Amino acid sequence: MNDVVLYNVPPSLCSQKVRLVLVEKGVSFTNRWVDIGPTAENYEPWYVKLNPKCVVPTLTHGDKVVTDSAVIMRYVAEEFDGAALLPEEPDVRERMEHWYSLGADIDFRLFTFSNAKPKIVQIMLGKKIKKLKKYAEKYPDLRELYAQKLKDIQGLQADVVQPGRSKEMNQRLEESLNEMDALLAEQPFLSGQAYTLADVIWTVTLTRIQFIKRFEVIEGRPNVLAYYRRMQSRPSYLAADLWPRFKVGSMMPVFVKVLAPRLAVLGLLLLGVVAIVYLLWWLSPVG
């Protein structure tokens, strides 16, 4: 039995980062899909006890539980045999850390919600807030953790309606891409001549840029575009199930998991209605 389990969901940005590291390192792992949508499985007590921040991904390695995608990525890079993703040379490591930090600091939650219709955003975040308050009352032993997550969602709710926050984040992204375009004119990878964790995080970052339909910021920078195409041609890109666009097929396990219980209940209700109608027909005095 595989002792590495990744609790994640296919389109999640941070889940993709960790899947790509695992694939690049050649680590065999079991996928455990966690619904962060309608059923908010990430707020369920069993998951909160695994990951107090109520987010995906979470990695378990035997009895060890590792949370936070940035921590998980380094853990995988350090603890497992396979490709060396952490440079040993000080200057190369410094460049890797620079690009790694730039990629990790981009707030794609803010980008995503800022580009959506305000009413839809408020409805979505409102439902999360309502569910968190309900869970905080229902599970007092986890109340503080739910309160922290509630504060996080309310902070996002406030940031979304402030154009300045989104504008600031967009400017940081543009500056990073300009720097990257100049650098990639001289070398094949972000840290130099070898693929590292910096390339992992930026492969997924560029993929998310395409996913949110901002591909023009990549196309407008020829060296970044060429780099992105090279990263997409690596076998790991498909193997890690990265998402440059929405994939209905990859979401089927999650859809089935979410919808099956509801369809079963609906089926029982319909069966009940049919049975009642059938019984009434037989009991009807009208021949």
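Computed from the coordinates by the stated procedures, all read-outs in this text should not be read as laboratory data. All of these numbers come straight from a predicted model, not from anything done at the bench. No Cβ is skipped: glycine too gets one built from the backbone with ideal geometry, and neighbour counts run over all protein chains shown.
For beta carbons closer than 6 Å, sequence separation of 6+ or different chains, a first residue in segment 184-208 that is without any contact (Cβ under 8 Å) to a residue 40 or more places away in the chain and part of a loop (DSSP other than H, G, I, E, B) and a second that is crowded, with 23+ Cβ neighbours inside 10 Å and not aliphatic (A, V, I, L, M), the qualifying pairs are 189/199. Within segment 137-161, if we keep just the residues that are among the β-branched types (Val, Ile, Thr) and assigned to a helix (DSSP H, G or I), the residue that is nearest to residue 115 (Cα to Cα) turns out to be 160.
Of everything in segment 27-69, what is more than 22 Å from residue 141 (Cα to Cα) and either aromatic (Phe, Trp, Tyr) or touching a residue at least 60 places away in the same chain (Cβ under 8 Å) (or both)? Give them in sequence order. Result: 29, 33, 35, 37, 38. Residues of segment 112-152 that are among the hydrophobic types (A, V, I, L, M, F, W, C), surrounded by fewer than 18 Cβ atoms within 10 Å (Cβ to Cβ) and more than 14 Å from residue 52 (Cβ to Cβ): 116, 120, 123, 124, 125, 129. Tallying residues that are more than 20 Å from residue 75 (Cα to Cα), assigned to a loop (DSSP other than H, G, I, E, B), more than 13 Å from the chain's Cα centre (by Cα) and not small (Gly, Ala, Ser) within segment 30-57 yields 3.
Count of segment 94-105 residues, restricted to those that are within 15 Å of residue 189 (Cβ to Cβ) and either under 24 Å from the mean Cα position of the chain (by Cα) or surrounded by fewer than 16 Cβ atoms within 10 Å (Cβ to Cβ) (or both), is 8.
Against the list (1) within 16 Å of the chain's Cα centre (by Cα); (2) surrounded by fewer than 21 Cβ atoms within 10 Å (Cβ to Cβ); (3) among the β-branched types (Val, Ile, Thr); (4) farther than 17 Å from residue 243 by Cα, the condition residue 4 fails is (1). When segment 58-85 is filtered for residues that are surrounded by 14 or more Cβ atoms within 10 Å (Cβ to Cβ) and either part of a strand (DSSP E or B) or over 23 Å from the mean Cα position of the chain (by Cα) (or both), the ones remaining, listed by number, are 58, 59, 60, 61, 65, 66, 67, 82, 83. Within segment 100-151, being without any contact (Cβ under 8 Å) to a residue 40 or more places away in the chain and hydrophobic (A, V, I, L, M, F, W, C) holds for 116, 120, 121, 123, 124, 125, 129, 136, 147, 150. Just checking, does segment 105-112 include any residue being within 24 Å of residue 238 (Cα to Cα) and outside any helix (DSSP H, G or I)? Yes, segment 105-112 contains at least one residue that is within 24 Å of residue 238 (Cα to Cα) and outside any helix (DSSP H, G or I). Looking at residue 134, is it part of a helix (DSSP H, G or I) and either under 23 Å from the mean Cα position of the chain (by Cα) or among the hydrophobic types (A, V, I, L, M, F, W, C) (or both)? Taking the combined requirement at face value, the residue does not satisfy it.
Does residue 38 satisfy the condition of being surrounded by fewer than 17 Cβ atoms within 10 Å (Cβ to Cβ) and touching a helix residue (DSSP H, G or I) at 6+ places or on another chain (Cβ under 7 Å)? Spelling it out, residue 38 is indeed surrounded by fewer than 17 Cβ atoms within 10 Å (Cβ to Cβ) and touching a helix residue (DSSP H, G or I) at 6+ places or on another chain (Cβ under 7 Å). Taking the criterion of being closer than 25 Å to residue 76 by Cβ, surrounded by 18 or more Cβ atoms within 10 Å (Cβ to Cβ) and among the hydrophobic types (A, V, I, L, M, F, W, C), the residues of segment 185-230 that qualify are 189, 190, 197, 198, 200, 201, 202, 204, 206, 209, 211. Output yes when any residue across segment 138-150 is over 15 Å from residue 110 (Cβ atoms), under 20 Å from the mean Cα position of the chain (by Cα) and among the basic types (Lys, Arg), and no when none is. Checked against the condition, which is being over 15 Å from residue 110 (Cβ atoms), under 20 Å from the mean Cα position of the chain (by Cα) and among the basic types (Lys, Arg), segment 138-150 yields at least one hit.
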